[in-house]
């Protein structure tokens, strides 16, 4: 596994070593010891989540607040997404900045997102299955979110507005200025 540092402190891109032959492929998708050594901290993942979405679906930008904040390790099992993370850590030099990274089932890259970040994605393929590990349990009362098109971030979602599919709940999310912070 190769680990790459991103422009947002604490976010890492993990690229596995793929073993391909005429039968297919094999790779190690997670190894706690290698992972913790690569990112330089201990993480105890306690919950796995999986979602399925169709072309143009945006999910996000979501996070958990307070003691329920979550770090995540995100990967795509099928299809292609544009994964977006926004640094919401008030004392961070990259506060309010975002990172956009295409994750696909072809290269098997994963994105590690530390606590204190909002996360979302848009589906670029016909369908996509996304899998992610969380280091804390979900708590409905700790939900937080920011509207996907907040002008402060100026995120390019890579699709025209008329192709985006966004839930009513996500359309009601506040801007960063009015959001409860993690």
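Within the chain, antiparallel bridges make up roughly 95 percent of the DSSP beta bridges whose residues both belong there. Each Cα pair under 8 Å and six or more residues apart adds its sequence gap; the mean of these over the residue count of the chain is a relative contact order of 29 percent. Using a cutoff of 8 angstrom between alpha carbon atoms and counting only pairs six or more residues apart, the relative contact order for the stretch 27-110 works out to 23 percent. Could you work out [θ]222 nm for the chain from helices alone, using -39500 (n - 2.57) per DSSP H run of at least four and dividing by all its residues? Round to the nearest 500 deg cm²/dmol. Counting only the DSSP helices, I get -1500 deg cm²/dmol.
Judged by the mean number of other Cβ atoms found within 10 Å, the most tightly packed of the peptides 70-77, 157-164, 81-88 leads the ranking 81-88, 70-77, 157-164. Take each peptide in 143-150, 165-172, 23-30, count the other Cβ atoms within 10 Å of every residue, and average; sorted highest first, the result is 143-150, 165-172, 23-30.
Only the coordinates and a few stated rules stand behind these numbers; no lab work does. None of these values were measured; they are calculated from a predicted model. No Cβ is skipped: glycine too gets one built from the backbone with ideal geometry, and neighbour counts run over all protein chains shown.
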